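A short write-up of the structure that comes next.
The values are calculated or read from the model by the stated rules, or taken from the named source; none is laboratory data. Since we're looking at a predicted model, the values are computed, not measured. Please note: Cβ atoms are built from the backbone with ideal geometry, for glycine as well, and neighbour counts cover all protein chains shown. Each accessible area value is taken on the protein alone, full model and side chains, heavy atoms only, with ligands, DNA and RNA left out. Shrake-Rupley method; radii C 1.70, N 1.55, O 1.52, S 1.80 Å.
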Amino acid sequence: MLGIVAAIVLFIAFMINAADLSTNDVFTSTNVMLIGLALLALHVSGVVGGWATRGRRR
């Protein structure tokens, strides 16, 4: 789930950069890209547990 959020944030950063939109200092394409990369790093490192599946007992 966190990987999907990271992909969406990185896509928004790309669109801001590609469209050359003028945003305030907080939401520049570089800042949004860094937030997306941080989310992706958290996803890859496994900080958020994700789906917890239970195996069948036999």
Quickly work out the Ala38-to-Ala7 label distance, labels modelled 7 Å from Cα along the C-beta direction, and quote it in nm with one decimal. 2.2 nm
Based on the mean of other Cβ atoms within 10 Å per residue, sort peptides 31-38, 17-24 so the most packed one is first. 31-38, 17-24
Express the carbon and sulfur contribution to the solvent-accessible surface of the stretch 1-49 as a percent, rounded to the nearest whole number, probe 1.4 angstrom. 73 percent
Treat each spin label as a single point 7 Å out from the Cα along the C-beta direction, and report the Ala19 to Asn31 distance in nm. 1.8 nm
